[in-house]
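Enquirer: Submitted below is the structure of interest, expressed as structure tokens.
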Amino acid sequence: MNEQFEIIEDQDDIPSNPTSNPRVADLINARLSRRGFFKGLMATSAVAGAYMATNGVVRAQDASTLTFKSIPQKITKTHAVADGYDANILIRYGDKVVADAPAFVPGAVDAVSQNKQFGYNNDFIAFMPLPVGSDSSDHGLLCVNHEYTNAELMWPGLKDSMGVSQEQALHEIAAHGHSVVEVKKTGGTWQVIDGSKYARRISALDTEMVITGAVAGHDRLKTSSDPTGTRVIGTLNNCAGGKTPWGTILIAEENFNGYFGGDISKTNEERNYKRLGISTDSWYSWVKYFDRFNVEKEPNEPNKFGWMVEIDPYDPTSTPKKRSALGRFKHEGATVILNKDNSVVAYSGDDQRFDYLYKFVASKKFNPNDRAANMDILEDGTLYVAKFNEDGNVNWMPLVHGDGPLTAQNDFNSQADVLIETRRAADLLGATQMDRPEDVEPNPVNGKVYVMLTNNSKRKEANIVNPRVENIHGHVLELTPPGGMGKDADHTADTFTWDIFLLGGNPANSEDKSSYHPGAESWVSCPDNMAVDHKGRLWISTDGAPKSDIPDGMHATDVSGAGRALTKFFFACPEGAEMCGPEFTPDGTTLFVAVQHPADGSTFDAPSTRWPDFADGMPPRPSVVAITKQDGGEIAS
């Protein structure tokens with residue numbers, strides 16, 4: 001990692017949760033001390049080549065339903081994929097998006113051009129079939145987030161983003177946001193369709209968005225550029241996301257706090273901003289050049305960020321909508337599942353150490369016969385926060401104004417206040433502190449919900465119920481709604497059960513206290529994003545594994561049967577990069593992945609890798625990769 005990013009990560013690692021609410025690690029270890037093993041998972045301290053099944057000894061390679069052989073967990077200057085697969089670059093930073101976009105020029109400073117080109121640090125990917133409502137797997141829209149920028153890899157002579165000029169800052173702003181491109185597979189190869197009517201760049205430079213729900217028009221969102229408190233220019237730090245049953249996408253605003261600076265004590269939002277990590281020290285130079293990022297000049301502007309944004313990719317003229325009903329915090333994403341009664345449920349993690357896990361249930365139900373009637377379903381509903389219990393239950397507590405402590409006595413004068421200060425509301429309800437809850441994915445095959453907990457290096461206490469001091473490798477939780485398997489699961493229920501799917505770390509190192517299937521072919525460090533294939537298998541991407549001298553990349557595992565928690569390593573990122581955005585086509589024959597910040601830890605002038613082009617003078621470029629099986633079949637089958 002580069003020095004600037006390590007500083008930013010250290011700043012963001014500082015927990016802003018001041019409460020003594022229960023921590024999920026304590027609950028996990030309390031359960032472990034009582035049960036001695038995970039439900040459905042054999043505890044192990046080393047990867048073994050075979051395990052004992054009820055019908056005798058079975059080889060590990062026969063246990064998993066995944067047909068590929070794991071690749072080595074070795075960091076190199078390029079990517080690697082399992083034998084029998086092709087991994088082709090589909091679109092890179094700076095490539096053309098809209099019809100009149102110019103060609104990429106290495107080291108150029110041009111915000112106008114960048115606003116028409118593919119942005120930086122691609123993250124979330126959504127494949128949206130064409131035509132709308134179809135299950136097409138060879139033609140569709142690829143919708144991709146652009147989370148943040150690495151100025152020192154974009155231009156020569158820089159060490160970090162704080163040294164950029166005003167013109168470079170504008171370019172950075174344009175490189176954030178989202179891209180929509182039309183893609184088609186012809187002759188087994190994916191290509192971007194030039195001049196598509198669907199092509200669109202959404203950025204923080206000039207894309208106007210509306211704010212919906214209880215927060216819209218509230219005084220705490222009014223600014224000099226928007227006295228109505230209902231509109232905002234752009235979206236920031238778009239990490240993961242989600243898709244809706246009616247064909248829209250949701251993109252998350254995660255670490256938005258880092259873009260703002262100034263003395264928060266000079267605002268009326270000091271408590272609010274402190275809880276979100278906004279401080280005098282911005283991560284970017286933008287605060288020097290543009291008043292909207294200076295809280296002393298625009299004290300309410302940060303309240304317009306930290307939301308989930310809904311976009312209709314099929315209508316390039318549509319206005320994106322920030323859905324305040326889903327709460328304001330550092331959303332990793334928001335993944336939606338349709339309940340058996342057509343209720344719409346969305347899960348979201350607040351990606352910071354010691355923060356919380358959330359669920360949203362919309363008031364209005366999905367109408368499968370009327371897309372237009374569904375377009376504002378996410379405008380209203382009930383937001384819940386999770387409280388985990390040692391008995392294996394998890395309670396979903398509603399964040400509703402007037403209930404319990406969420407009253408004027410605690411400065412919550414309306415539901416808008418509850419949503420603007422979602423974290424503080426959850427604090428008062430006694431929600432369980434989590435170890436960086438990132439992607440939260442419902443599995444439509446088995447009806448369970450999987451939670452990626454990336455890590456928590458700030459936990460220092462060791463005791464009988466907390467043996468994993470400094471959870472540097474993270475873990476995966478498995479939540480089970482009542483009602484049954486698959487479509488019978490009731491995601492609207494107030495009480496689920498919970499268990500541990502795996503504990504990350506190196507099985508060969510007993511100090512890691514990791515737990516996998518004994519036949520695991522790979523070990524996971526820092527689980528981040530996730531996809532579920534149509535067989536219900538988990539595909540886990542990582543962010544932070546290189547700290548343990550292994551590459552970030554894509555692991556896969558079964559969730560049940562003989563191969564449960566038997567992880568296999570499918571794709572390795574190049575040096576300096578993390579793995580993001582796993583997304584399958586409906587038929588499972590293509591897996592799209594986003595390779596973010598290749599060569600992180602180096603500079604434009606001396607990059608550690610020039611992936612993906614490897615041409616003299618060409619900088620490393622974040623890119624989307626399309627992975628297909630060489631025989632044209634389904635991935636891992």
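Enquirer: Name the residues in segment 108-150 that are aromatic (Phe, Trp, Tyr), in contact with a Phe, Trp or Tyr (Cβ under 7 Å, 6 or more places away or on another chain) and under 30 Å from GLY633 (Cβ atoms), would you?
Expert: Result: PHE118, PHE127.
Enquirer: Return yes when ARG201 is in contact (Cβ under 8 Å) with a residue 60 or more places away in the chain, outside any strand (DSSP E or B) and open to solvent by 10 Å² or more (accessible area, probe 1.4 Å) and no when it is not.
Expert: Taking the combined requirement at face value, the residue does not satisfy it.
Enquirer: Here's a follow-up. Is it the case that ASP631 is surrounded by 24 or more Cβ atoms within 10 Å (Cβ to Cβ) and either closer than 21 Å to PHE501 by Cβ or at pLDDT 95 or above (or both)?
Expert: On the way: surrounded by 24 or more Cβ atoms within 10 Å (Cβ to Cβ): no; either closer than 21 Å to PHE501 by Cβ or at pLDDT 95 or above (or both): yes.
So ASP631 fails the test.
Enquirer: What pairs come out if I take residues in segment 489-506 that are of a type in the set (Val, Ile, Thr) and pair them with residues that are surrounded by fewer than 24 Cβ atoms within 10 Å (Cβ to Cβ) and not in a strand (DSSP E or B) whose C-beta lies under 6 Å away, six or more apart or interchain?
Expert: Correct list of pairs: THR492/ASN339; THR492/SER343; THR497/GLY392.
Enquirer: Would you point out the residue of segment 484-514, among those that are among the acidic types (Asp, Glu) and outside any strand (DSSP E or B), that is surrounded by the most Cβ atoms within 10 Å (Cβ to Cβ)?
Expert: Among those that are among the acidic types (Asp, Glu) and outside any strand (DSSP E or B), it is ASP512.
Enquirer: If a residue has to be in contact with a strand residue (DSSP E or B) (Cβ under 8 Å, 6 or more places away or on another chain), of a type in the set (D, E, K, R) and modelled with pLDDT of 95 or more to count, how many in segment 498-536 make the cut?
Expert: Residues that pass the stated criteria total 3.
Enquirer: Out of curiosity, is GLU167 at pLDDT 95 or above and open to solvent by 10 Å² or more (accessible area, probe 1.4 Å)?
Expert: Answer is yes for this residue.
Enquirer: Can you find, within segment 404-437, the residue that is least open to solvent (accessible area, probe 1.4 Å) among those that are of a type in the set (Asp, Glu) and in a loop (DSSP other than H, G, I, E, B)? Write out each step before concluding.
Expert: First, the residues of segment 404-437 that are of a type in the set (Asp, Glu): 411, 417, 421, 427, 435.
Remaining after also requiring in a loop (DSSP other than H, G, I, E, B): 411, 421.
Numbers: ASP411: 75, GLU421: 12 Å².
Looking at the filtered set, the residue picked out is GLU421.
Enquirer: Hey, another quick one. Test ALA99 against the criterion of being among the small types (Gly, Ala, Ser) and under 22 Å from VAL559 (Cβ atoms), and give yes or no.
Expert: no
Enquirer: If you don't mind, there's one more thing I want to ask. How do the strands (runs of 3 or more DSSP E) wholly within segment 303-403 filter down when requiring 3 or more residues that are open to solvent by 10 Å² or more (accessible area, probe 1.4 Å): which remain?
Expert: Qualifying strands (runs of 3 or more DSSP E): 335-338, 381-388, 393-398.
Enquirer: What about GLU583, is it crowded, with 21+ Cβ neighbours inside 10 Å, closer than 23 Å to SER64 by Cβ and at pLDDT 95 or above?
Expert: When the stated conditions are applied, GLU583 passes them.
Enquirer: Filter segment 89-111 for residues that are in contact (Cβ under 8 Å) with a residue 12 or more places away in the chain and exposed (fewer than 15 other Cβ atoms within 10 Å of the Cβ); which is farthest from PRO156 (Cα to Cα)?
Expert: Among residues in segment 89-111 that are in contact (Cβ under 8 Å) with a residue 12 or more places away in the chain and exposed (fewer than 15 other Cβ atoms within 10 Å of the Cβ), the one farthest from PRO156 (Cα to Cα) is ALA99.
Enquirer: Picking from ALA362, ALA346, ALA334, which residue would you name as being within 22 Å of GLY247 (Cβ to Cβ), over 16 Å from the mean Cα position of the chain (by Cα) and among the small types (Gly, Ala, Ser)?
Expert: From the options ALA362, ALA346, ALA334, the qualifying one is ALA362.
Enquirer: Please state which of the following conditions GLU167 fails to meet, knowing it meets all the rest: (1) in a loop (DSSP other than H, G, I, E, B); (2) farther than 27 Å from PRO586 by Cα; (3) acidic (Asp, Glu).
Expert: In the conditions (1) in a loop (DSSP other than H, G, I, E, B); (2) farther than 27 Å from PRO586 by Cα; (3) acidic (Asp, Glu), GLU167 misses (1) alone.
Enquirer: Now a separate question. Looking only at residues in segment 89-118 that are over 23 Å from the mean Cα position of the chain (by Cα) and not in a loop (DSSP other than H, G, I, E, B), which one is farthest from ARG621 (Cα to Cα)?
Expert: Top of the filtered list is VAL112.
Enquirer: Only one residue in VAL445, VAL440, VAL451 is among the aliphatic types (A, V, I, L, M) and either over 26 Å from ALA362 (Cα atoms) or outside any strand (DSSP E or B) (or both). Which one?
Expert: After ruling out the rest, the residue left standing is VAL445.
Enquirer: Out of curiosity, is PHE290 open to solvent by less than 10 Å² (accessible area, probe 1.4 Å), of a type in the set (Phe, Trp, Tyr) and in contact (Cβ under 8 Å) with a residue 12 or more places away in the chain?
Expert: no
Enquirer: Suppose we filter segment 172-198 for residues that are open to solvent by 30 Å² or more (accessible area, probe 1.4 Å) and among the aliphatic types (A, V, I, L, M); how many remain?
Expert: Counting residues in segment 172-198 that are open to solvent by 30 Å² or more (accessible area, probe 1.4 Å) and among the aliphatic types (A, V, I, L, M) gives 2.
Enquirer: Next question, about the same structure. Going through segment 114-143 one residue at a time, which ones are farther than 22 Å from GLY588 by Cβ and open to solvent by 20 Å² or more (accessible area, probe 1.4 Å)?
Expert: Scanning segment 114-143 gives ASN115, LYS116.
Enquirer: Does LYS243 satisfy being open to solvent by 20 Å² or more (accessible area, probe 1.4 Å), closer than 30 Å to ALA531 by Cβ and among the basic types (Lys, Arg)?
Expert: yes
Enquirer: Another question, then. Which members of segment 534-558 meet the condition of being surrounded by 21 or more Cβ atoms within 10 Å (Cβ to Cβ), in contact (Cβ under 8 Å) with a residue 40 or more places away in the chain and under 20 Å from PRO442 (Cα atoms)?
Expert: Those that are surrounded by 21 or more Cβ atoms within 10 Å (Cβ to Cβ), in contact (Cβ under 8 Å) with a residue 40 or more places away in the chain and under 20 Å from PRO442 (Cα atoms): ARG537, LEU538, TRP539, ILE540, SER541, ALA556, THR557, ASP558.
Enquirer: I'd like to know if segment 125-140 contains one or more residues that are small (Gly, Ala, Ser), under 18 Å from ASN238 (Cβ atoms) and assigned to a helix (DSSP H, G or I).
Expert: Among the residues of segment 125-140, not one is small (Gly, Ala, Ser), under 18 Å from ASN238 (Cβ atoms) and assigned to a helix (DSSP H, G or I), which makes the answer no.
Enquirer: What single numbered condition from (1) crowded, with 22+ Cβ neighbours inside 10 Å; (2) of a type outside the set (Lys, Arg); (3) in a loop (DSSP other than H, G, I, E, B) fails to hold for LEU250?
Expert: In the conditions (1) crowded, with 22+ Cβ neighbours inside 10 Å; (2) of a type outside the set (Lys, Arg); (3) in a loop (DSSP other than H, G, I, E, B), LEU250 misses (3) alone.
Enquirer: Sticking with this one: Look through segment 204-233, keep the residues that are of a type outside the set (A, V, I, L, M, F, W, C) and not in a loop (DSSP other than H, G, I, E, B), and return whichever of them is most open to solvent (accessible area, probe 1.4 Å).
Expert: Residue satisfying both the conditions and the ranking: ASP219.
Enquirer: Let me ask you something else. Within segment 519-637, which strands (runs of 3 or more DSSP E) (wholly inside it) include 3 or more residues that are in contact with a Lys or Arg (Cβ under 7 Å, 6 or more places away or on another chain)?
Expert: Fully inside segment 519-637 and qualifying: 553-557.
The values are calculated or read from the model by the stated rules, or taken from the named source; none is laboratory data. Computed from a prediction, not measured in an experiment: that's the story for all the values here. No Cβ is skipped: glycine too gets one built from the backbone with ideal geometry, and neighbour counts run over all protein chains shown. With ligands, DNA and RNA removed, areas are computed over all heavy atoms of the protein, side chains included. Shrake-Rupley method; radii C 1.70, N 1.55, O 1.52, S 1.80 Å.
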